[in-house]
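This report refers to the structure that appears directly beneath it.
Read the figures in this text as sums done on the coordinates, not as results from a lab. Being a predicted model, the structure only gives us computed values, none of them experimental. Neighbour counts run over all protein chains shown; Cβ positions are idealised from the backbone, glycine included.
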Amino acid sequence: MRQVAEVCERNFSRHLEDLKSLVRIPSVSFDGFEPAEVRKSVHAVAALLKKTGLENVQVLEVPGAHPYAYGEWLKAPGKPTLLLYAHHDVQPPGRTELWQSPPFEPTPRLGPGGERLYGRGTADDKAGIIIHTAAISSYLETLGSLPVNIKVVIEGEEETGSAHLAEFLKTYRSMLDADVLVLTDSGNFDCGIPALTIALRGMIGLGVEVRALTKSVHSGMWGGPVPDPAMALTKMLAALVDDEGRIAIPGVREQVRPLGKEEELEMKKLPVNEADFRKQSGMVPGARLLREGPSLLGQLWRFPSLTVNAFEASSKKQAGNIINDAAWAKVTIRLVPDMNAEKVLKQLEDFLKAHVPWGLEIKLTVESCAGPWATNPIGPAFEAAKAAMKAGYGVEPYQIGMGGSIPFVQPFSDALGGAPALLIGVEDPYTNAHGENESLLLSDFKKGCISQVYLFSEIAERWR
Ligand SMILES: [Zn+2]
């Protein structure tokens, strides 16, 4: 295995070039962005899978969905089959003027932990694709074969909540049989310290429009008797949380599974430095942490949170003296075990409808609805993952939860009869995924690729 790992390391600059060419394609899957770019991206990924030596490479389509890329290598009879997942779509770049280098021109420079590659999608999640292809090509080039069977699925709409996942599963279920899921879309504990992610928060997202008028009007000529929809929406949103930022919608927090004794002990073991946490998140000096539970990090995956992601009435540029016709906001709630996504969505909808002041019109649009995920990391696949990370990084991995969501995990694991899901990845606390100046620590990227080489052989050895 050492030999394959060495080949992977020797060819690292080539894998890095593959990453850069994917990052140059602005594959933003959000409405209002060019869908042709996501299509260009899927073809680039498919070409890479082919170049890597995978067979039966295809672009998989579901009506209305951004396309997936697929490839396989199934020549290891009697050995387990791994379904390797990553996604090729990215978040919008955000405020381009805040980027220190263009978001879609991958640029190396020094940052936290050493040399980093800056650009949208460098870490989330185009590096996740390359980790798979780097490991596969290292085996095929060195030995001409792999120790396990491989299926690769690269999704095109993870960042928008995988709206067509159920349809995708239904359409392609027969192609996707596997013993273990390997998802490279999460993060390390810190620079140089790997982690196995064993819990994810779920997410529901709701667009809320409150309308008072059929057109915007002069705020002097009409202000007073005519209700202001921006103020109405603000009052509704303010009622969603209490003074400590906790969700105040009746019946929502009651669903949260109480912390177990052992869980609490595990959480307390995680080293947390409040000052680092504040720095990594970029909190302004006077801002207060809104704490819940025994552990600051544990709070991120064992307690729910509510965020107003966007608010639109007029804009800073167009801020005339008007009463806006309508106001709009996007509200998301991150869910933890045992919260039920459909139930929480209904509770949020009912709460907002009941709190619209002054008889204004309300329109709700569901944007996402995915439950939380948690696993008990016991068995050969998890043992293999821990051994592989130790081999690649030279240090023991932590087992952590993640505050984010990957809608793919639960339905796929369910469809595969509860197959173990290994969540690994190369984001770190300085990556700033989804924000401006997203970056990837190159030394960890290399270690992640090498770990993946070890993962294939570790699973093959441990599987009975
Ligand atoms: Zn991602």
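Translational diffusion coefficient of region 113-173 (Stokes-Einstein, Kirkwood radius from Cα pairs, 37 °C, 0.692 mPa s): 229 µm²/s.
Highest mean packing first, where packing is the average number of other Cβ atoms within 10 Å per residue, the peptides 148-154, 309-315, 421-427, 35-41 line up as 421-427, 148-154, 35-41, 309-315.
You can think of it this way: the chain between Arg291 and Asp350 has 18.5 nm of extra reach, that is 0.36 nm per residue less the Cα-Cα gap. With the convex hull of its Cα atoms as the shape, region 347-456 has an orientation-averaged projected area of 10.5 nm². Computed from point charges on the beta carbon alone (+1 for Lys and Arg, -1 for Asp and Glu), the dipole magnitude for region 64-122 about its Cα centre is near 180 Debye.
Between Arg109 and Trp358, what FRET efficiency comes out of the Förster formula 1/(1 + (r/R0)^6) with R0 = 56 Å and r the beta carbon distance, rounded to 0.05? The formula returns an efficiency of 0.60 here.
Computed from Cα atoms, the angle from the helix 380-393 axis to the main principal axis of the chain rounds to 90 degrees.
In terms of the mean number of neighbouring beta-carbon atoms within 10 Å, the peptides 7-19, 226-238 order highest first as 226-238, 7-19. Ranking of Trp328, Trp73 by neighbouring Cβ atoms within 10 Å, starting from the fewest: Trp328, Trp73.
Taking 7 Å steps out from each Cα toward its Cβ at Lys343 and Ala319 produces label points 4.3 nm apart.
Across the chain, counting alpha-carbon atoms alone, Rg and Dmax equal 23.1, 79 Å.
Helix 127-142 and the longest principal axis of the Cα set of the chain meet at an angle near 10°. Over all orientations, region 286-417 has a Cα convex hull whose mean projected area works out to 13.8 square nanometres.
Working from Cα positions, state the angle (0 to 90°, nearest 10) between the long axis of helix 35-52 and the longest principal axis of the chain. In the chain, helix 35-52 runs at an angle near 10 degrees to the longest axis. Modelled label positions at Ala36 and Ala310, each set 7 Å beyond Cα in the direction of Cβ, lie 2.3 nm from each other. Working note: 222 nm ellipticity from helices only, DSSP H runs with n ≥ 4, each -39,500 (n - 2.57), summed and divided by the residues of the chain, gives -10500 deg cm²/dmol to the nearest 500.
Selection among Thr332, Val59, His15 by position relative to the dipole of the chain gives His15 as farthest towards the positive end (Cβ unit charges, Cα centre). Its Cα centre serving as origin, region 256-409 has a Cβ charge dipole (Lys and Arg +1, Asp and Glu -1) of approximately 360 debye. Please work out whether region 95-240 counts as rounded, prolate or oblate from its C-alpha gyration tensor, where a ≥ b ≥ c are the square roots of the eigenvalues and a/c under 1.5 means rounded, while otherwise a/b larger than b/c means prolate and anything else oblate? Judged from the Cα gyration tensor, region 95-240 comes out prolate (a/c at least 1.5, a/b above b/c).
At full extension, Leu143 and Lys390 could sit 86.6 nm farther apart than now, given 0.36 nm per residue minus the alpha carbon distance.
Measuring between alpha carbons in the structure, the pairs from Lys126/Lys170; Lys235/Lys279; Lys269/Lys330 lying more than 28 angstrom apart are Lys235/Lys279; Lys269/Lys330.
Subtracting the Cα-Cα distance of Ala47 and Phe12 from 0.36 nm times their residue separation leaves 10.7 nm of extension gain.
In a simple Cβ point-charge model (Lys, Arg +1; Asp, Glu -1; nothing else charged), the chain has a dipole of about 280 debye relative to its Cα centre. Under a crude label model (7 Å from the Cα following the beta-carbon direction), how far is Met221 from Lys261 in nanometres? Those two pseudo-labels are separated by 7.2 nm. Evaluated at q = 0.18, 0.21, 0.24 Å⁻¹, the base-10 log of the normalised Debye intensity for region 237-303, with identical point scatterers placed on the Cα atoms, takes the values -0.84, -1.03, -1.14. Counting every other Cβ atom within 10 Å of each residue's Cβ, Trp463, Trp99, Trp373 order from fewest to most as Trp463, Trp99, Trp373. Residue exposure proxy: Tyr70, Tyr172, ordered by other Cβ atoms within 10 angstrom of their Cβ from fewest to most, comes out as Tyr172, Tyr70.
For region 51-179, the residue among Thr122, Gln91, Pro108 whose Cα projects farthest onto the positive side of the dipole built from Cβ charges is Pro108. Tell me which of Ala419, Leu290, Phe189 sits at the most positive position along the dipole axis of the chain, charges placed on C-beta atoms (Lys, Arg +1; Asp, Glu -1). The Cα lying farthest towards the positive end belongs to Phe189.
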